[in-house]
Amino acid sequence: MAFSNKPHCILIFMISFFILTLFVSALDVSDVVAEAPGPGSGGDSFFPLSKKHVIIHNVVKNRQTLNVHCKSDDDDLGLIHIPWNHYWGFRFRVNIWSTTMFRCHFTWYGGGSHLFVIFDPWRDDDEFAAYPACDKCLWQVRRQDGDEAICRIEGGSDPYCFPWLDNV
């Protein structure tokens, strides 16, 4: 008996190969520094394991260096210092369960200490959410307090601004 004469064996092989390919493609996780800003755009967020690029732009009112410490349940990106009007970013893939979440702690001289969820799949990776999904999520850190403390910038449209979580 030849292996290829059994249709159920071929089907099992094809399914196994597909699953292996899916998980191998999820291994492309990196924390690459970004220097090029750009508008956010929705795209492949409907599919599991979608690629994301979070970019943080320092535009704090007093022109100080922004200290950022971002982490998820799986990755700690360390403490980063972003000079005024500069960018920093990282790339990752949303996990198969769409539970990947990155939280950041922001501090700067004269600006206090603030917390914010910089990537939330229910806000940033859901085609049916109140805000558009983004593959390149560009955030501007603007001020110490108020409803426009941190804003996600979408090309050509008004920014989506939020208060700090510690002020809610």
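The values are calculated or read from the model by the stated rules, or taken from the named source; none is laboratory data. Fair warning: this is a prediction, and the values are worked out from it, not measured in the lab. Every residue, glycine as well, gets a Cβ built from its backbone with ideal geometry; the counts of neighbours run over all protein chains shown. Only protein heavy atoms, including side chains, enter the accessible area calculation; ligands, DNA and RNA are left aside. Shrake-Rupley method; radii C 1.70, N 1.55, O 1.52, S 1.80 Å.
Determine which member of the set R152, R103 is open to solvent by 60 Å² or more (accessible area, probe 1.4 Å) and either closer than 17 Å to I55 by Cα or in a loop (DSSP other than H, G, I, E, B) (or both).
Just one listed residue meets the conditions, R103.
Can you tell me how many residues in the stretch 112-149 are open to solvent by 60 Å² or more (accessible area, probe 1.4 Å), out of contact with any helix residue (DSSP H, G or I) (no Cβ under 8 Å at 6 or more places or on another chain), part of a loop (DSSP other than H, G, I, E, B) and of a type outside the set (K, R)?
The qualifying residues number 4.
Can you go through D147, D126, D73, D120 and tell me which one is in contact with a strand residue (DSSP E or B) (Cβ under 7 Å, 6 or more places away or on another chain) and of a type in the set (D, E, K, R)? Give the derivation first.
Values: D126 fails: in contact with a strand residue (DSSP E or B) (Cβ under 7 Å, 6 or more places away or on another chain); D73 fails: in contact with a strand residue (DSSP E or B) (Cβ under 7 Å, 6 or more places away or on another chain); D120 fails: in contact with a strand residue (DSSP E or B) (Cβ under 7 Å, 6 or more places away or on another chain).
Unique residue meeting the criteria: D147.
Quick one: what pairs do we get from the stretch 80-105, first residue without any contact (Cβ under 8 Å) to a residue 40 or more places away in the chain, second part of a strand (DSSP E or B) and open to solvent by 70 Å² or more (accessible area, probe 1.4 Å), C-beta under 8 Å, 6+ apart or different chains?
Listed pairs, sorted by first residue: R103/K71; R103/L115; H105/L115.
Taking L49, is it of a type outside the set (D, E), in contact with a helix residue (DSSP H, G or I) (Cβ under 7 Å, 6 or more places away or on another chain), open to solvent by 10 Å² or more (accessible area, probe 1.4 Å) and at pLDDT below 95?
In short, yes.
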